[in-house]
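Asker: Below are the structure tokens for one structure; questions will follow.
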Amino acid sequence: MAREEDAFPGFESLSIDSSRGSVFLRRGGAGPPVLLLHGFPETGLMWHRVAPLLAGAFTLVVADLPGYGRSSCPRDSDHHASMSKREMAATLTDAMGIAGYERFAIVGHDRGGRVAYRAALDHPARISHVVVLDMVPTYDVWDRADARLALAYWPFSLLAQPAPLPERLMAAAPDAVVDNAIAEWGSSPDAFLTWLREAYIDALRDPARVHAICEEYRAAAGIDREIDRADLDANRRIICPLLALWSDRGGLARWYDDAGGPLGLWRRWADDVQGQSVSGGHFFPEEDPATTARLIRAFLESEGCRQKRTERDADPRPG
């Protein structure tokens, strides 16, 4: 595969104009709908190896998160709320509804995982299953933060600093940002083809998107934590089945043993939780797409999690 245009064979590209802004999507496959969300510093292109392995069983909607990639950048708001996970989840569920999907599964890696579990909490009637890849809830990340987090995953603290410092730093050297992430977070740089690395770098050349990404990290350090804490205090829980997968080389495999590991943390938030570590670094969906796709499919098709296939699920596109 030599270029971005060929990354999703058989998929269509479209932009959904919702009342909250436009969302760029790629769509393909057949079966129950599944929304795939990426993390930082990526775009929806991160799914280019996983999506073909799932397209025979599911209708896949691959989105660029609001403020990332080709999706629109929300306007600034007080407390960075326009890039909070609550607003991002609302934007994406709106877009999915406009595209014809009232109920769907959601899979998110890294930042996308934060949007995914927030969607499951805020829109329980819309989300049938949630899969979170190499992340734990935002409140727990910050509540347990220490030098290990600050040194290993610098975006949490650096990108949350007040504007314009992190914007200027990231915009000045987007190649350094991408190269550091794919080389230093436990994954093999060989998993990232040249065109893919260049696409991620190009996505960070737009000052508006760089600012939106920093706003998202600022929201995570502030309003997202407050929203999470309010849910914990009110005992609001994720009611759909949840699958957590994490890197066997990263911090999640070592840092949370006193809480029962990642699964112990997720069981504070959801009743039906399963999961395991996966061989690879933070970007294991790109390093080992076959294992990632196999585990996601097994979860979505398991007896306890199987979605009812309706005629609309099989072909939900408007006629």
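The values are calculated or read from the model by the stated rules, or taken from the named source; none is laboratory data. Model, not experiment: these values are computed from the prediction. In this analysis, Cβ positions are derived from the backbone assuming ideal geometry, glycine residues included, and neighbour counts consider all displayed protein chains. Side chains included, ligands, DNA and RNA excluded: accessible areas come from the protein's heavy atoms. Shrake-Rupley method; radii C 1.70, N 1.55, O 1.52, S 1.80 Å.
Asker: Residues in the range 223-256 that are surrounded by 20 or more Cβ atoms within 10 Å (Cβ to Cβ) and either out of contact with any helix residue (DSSP H, G or I) (no Cβ under 7 Å at 6 or more places or on another chain) or of a type in the set (Asp, Glu) (or both): how many?
Answerer: 4
Asker: Take residue 127 and tell me if it is surrounded by 22 or more Cβ atoms within 10 Å (Cβ to Cβ), of a type in the set (A, V, I, L, M, F, W, C), in contact with a Pro (Cβ under 7 Å, 6 or more places away or on another chain) and in contact (Cβ under 8 Å) with a residue 24 or more places away in the chain.
Answerer: No.
Asker: From the list 176, 171, 152, pick out the single residue that is open to solvent by 20 Å² or more (accessible area, probe 1.4 Å) and without any contact (Cβ under 8 Å) to a residue 12 or more places away in the chain.
Answerer: Unique residue meeting the criteria: 176.
Asker: Moving on to the next point. Looking at 68, 117, 101, which one is under 16 Å from the mean Cα position of the chain (by Cα) and in a loop (DSSP other than H, G, I, E, B)?
Answerer: Answer to the selection: 68.
Asker: Shifting gears a bit: How many residues, within the range 181-208, are out of contact with any Pro (no Cβ under 6 Å at 6 or more places or on another chain), surrounded by 23 or more Cβ atoms within 10 Å (Cβ to Cβ) and part of a helix (DSSP H, G or I)?
Answerer: Residues that pass the stated criteria total 1.
This table checks each residue for (1) open to solvent by 10 Å² or more (accessible area, probe 1.4 Å); (2) at pLDDT 95 or above; (3) closer than 21 Å to residue 210 by Cα.
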residue	(1), (2), (3)
57	no, yes, no
64	no, yes, yes
68	no, yes, yes
72	yes, yes, yes
78	yes, yes, yes
83	no, yes, yes
88	no, yes, yes
94	yes, yes, no
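Asker: Right, here's the next one. Residues being within 20 Å of residue 289 (Cβ to Cβ), open to solvent by 10 Å² or more (accessible area, probe 1.4 Å) and either hydroxyl-bearing (Ser, Thr, Tyr) or part of a strand (DSSP E or B) (or both): count how many of those fall in the range 16-42.
Answerer: Residues flagged as within 20 Å of residue 289 (Cβ to Cβ), open to solvent by 10 Å² or more (accessible area, probe 1.4 Å) and either hydroxyl-bearing (Ser, Thr, Tyr) or part of a strand (DSSP E or B) (or both) within the range 16-42 amount to 3.
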